[in-house]
Number of protein chains: 2
Amino acid sequence: MLKIGVLISGNGSNLQALIDEVKAGRLPAEIALVLSDNPEAYGLKRAAAAAIPARFLPPGPKRTVLSPEAEAAYADAFKQAGVELVCLAGFMRVIKAGLLAAFPGRILNIHPSLLPSFPGLAAWKQALDYGVRYTGCTVHLVEAGVDTGPIILQAVVPVEANDTPETLLNRIHREEHRIYPEAVRLFAESRVRLDGRRAVVTD
Amino acid sequence: MLKIGVLISGNGSNLQALIDEVKAGRLPAEIALVLSDNPEAYGLKRAAAAAIPARFLPPGPKRTVLSPEAEAAYADAFKQAGVELVCLAGFMRVIKAGLLAAFPGRILNIHPSLLPSFPGLAAWKQALDYGVRYTGCTVHLVEAGVDTGPIILQAVVPVEANDTPETLLNRIHREEHRIYPEAVRLFAESRVRLDGRRAVVTD
């Protein structure tokens, strides 16, 4: 059983997708610990409702990163829980050396665009403003750059002529909730290997 | 009947796709003139075989752009042929003010990626090296930036685990040959309008 740790900042709908797949027996993994940088994150309630250990850990004074001390505390908490794979699920801070060194090649993120298009914040809105006909979502390994790591899975979402940011994001979320558990499953089944900067999925 | 001009540098398979759609009566346009910056371009033979006026025009001394004099000559030739819409079809030079000013908002390009991912050369190889799961092609209006103009149509092509640059490019070409004539048809039917930087297709 792969032990996974999940990092959240808010609603935690991708956490819920992981919980649901584990509960349904379709994902051979155990969610060992959920950590939040926001004491009010609704995802903490989702974890509690599923009897998963979950808590707020103070992030430090900066808004976009964890302080080095906080990052060490997050890494320690995951290590003590036996976590082998860390999943960012709407975590709103950039991961730095403290966690990257503790879980090398073992931190996943899901991003609401077809990377490398539209890295950064509000990617669905960037896509709508740019005028692309297709966008989507990407599960990738986290490395030091923002949204640049090796891609595990992607899904395509057509942009409709009458889309608003909200309608488009809703359709992207549906695909996220499908491919994020699928990507974790690939790790649980040891089916991902790196070939240079490319992640290759084996049968 | 929309009069179109086509710019080529080589094989001209997208020119052939336009010729075939016009001949089949599915594209209400006339290819009025084909210009090439390369006297050996096979596309010149394709045009001749379809009885379309076509010729080599000297591009000037630089490799990546037309000289200002050459660009004026290209613009004049298209204007004299009554061209209303210019289609770049594998034209290997960056378009500058001479043609942009002569055909404002009336120059189309097709690019072998899902822009804004992978602008520039060998986009299919860039996509393969990056490790994306989906790439594709994009028809867009040409403006002063490289591969940055408003998007008219896109098509998605999955990247297969065993793809080589050649197998991937072949599948992208098939989609190009489908959406480039379709994009020209939208112009022939006056169904494209600009909303800021976005191209909106009307019914």
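Contact annotation: residue pairs with Cβ atoms under 7 Å, 6 or more positions apart or on different chains, pairing a residue in region A:65-79 that is over 10 Å from residue A:96 (Cβ atoms) with a partner that is open to solvent by less than 30 Å² (accessible area, probe 1.4 Å) and of a type in the set (Gly, Ala, Ser), are A:75/A:102; A:78/A:5; A:79/A:102.
Just so you know, in region A:156-184 the residues that are touching a Leu at 6+ places or on another chain (Cβ under 9 Å) and of a type in the set (Ser, Thr, Tyr) include one that is nearest to residue B:128 (Cα to Cα), and it is A:180. The residues of region B:1-48 that are open to solvent by less than 40 Å² (accessible area, probe 1.4 Å) and of a type in the set (S, T, N, Q), listed by number, are B:9, B:13, B:14, B:36. Of the residues A:101, A:97, the single one that is modelled with pLDDT under 95 and surrounded by fewer than 21 Cβ atoms within 10 Å (Cβ to Cβ) is A:97.
Residues in region B:139-155 that are facing chain A (nearest Cβ under 8 Å) and touching a Leu at 6+ places or on another chain (Cβ under 7 Å) were compared, and the one that is surrounded by the fewest Cβ atoms within 10 Å (Cβ to Cβ) is B:150. Applying the criterion of at least 3 residues that are of a type in the set (Val, Ile, Thr) and under 24 Å from residue A:149 (Cβ atoms) to the strands (runs of 3 or more DSSP E) found wholly in region A:1-91 leaves A:2-8. Checked against (1) open to solvent by 40 Å² or more (accessible area, probe 1.4 Å); (2) under 19 Å from the mean Cα position of the chain (by Cα); (3) facing chain B (nearest Cβ under 9 Å), residue A:178 passes all but condition (3).
Any residue at all in region B:83-94 that's at positive phi, under 18 Å from the mean Cα position of the chain (by Cα) and more than 14 Å from chain A (Cβ to nearest Cβ)? Yes; the residues of region B:83-94 include at least one that is at positive phi, under 18 Å from the mean Cα position of the chain (by Cα) and more than 14 Å from chain A (Cβ to nearest Cβ). Within region B:113-125, the set of residues being open to solvent by 20 Å² or more (accessible area, probe 1.4 Å) and more than 9 Å from chain A (Cβ to nearest Cβ) comprises B:119, B:120, B:121, B:122, B:124, B:125. Here is the figure for region B:151-173: residues that are closer than 13 Å to residue B:111 by Cβ and not β-branched (Val, Ile, Thr) total 5. Number of residues in region B:15-60 that are under 18 Å from residue B:97 (Cβ atoms) and not aliphatic (A, V, I, L, M) equals 3. Run residue B:60 past the list (1) touching a residue at least 24 places away in the same chain (Cβ under 8 Å); (2) in contact with a helix residue (DSSP H, G or I) (Cβ under 6 Å, 6 or more places away or on another chain) and report the number of the one that doesn't hold. Here residue B:60 meets the rest and fails (1). For region A:126-138, filtering for residues that are more than 8 Å from every other protein chain (Cβ to nearest Cβ) and either part of a loop (DSSP other than H, G, I, E, B) or touching a Gly at 6+ places or on another chain (Cβ under 8 Å) (or both) leaves 1.
Considering each residue of region A:156-170, count those that are away from chain B (no Cβ under 11 Å) and surrounded by fewer than 18 Cβ atoms within 10 Å (Cβ to Cβ), and give that number. Going through region A:156-170 one residue at a time, the tally reaches 6. Residues in region B:51-69 that are under 19 Å from the mean Cα position of the chain (by Cα) and not β-branched (Val, Ile, Thr): B:53, B:54, B:55, B:56, B:57, B:59, B:63, B:66.
Residue A:108 is checked against (1) assigned to a strand (DSSP E or B); (2) surrounded by fewer than 22 Cβ atoms within 10 Å (Cβ to Cβ) and fails just one. What number does that condition carry? So residue A:108 meets the others, but not (2).
The values are calculated or read from the model by the stated rules, or taken from the named source; none is laboratory data. No experiment lies behind these values; they were computed from the predicted model shown. Positions of Cβ are backbone-derived with ideal geometry, glycine not excepted, and every protein chain shown enters the neighbour counts. Note: areas computed on protein heavy atoms with side chains; ligands, DNA, RNA excluded. Shrake-Rupley method; radii C 1.70, N 1.55, O 1.52, S 1.80 Å.
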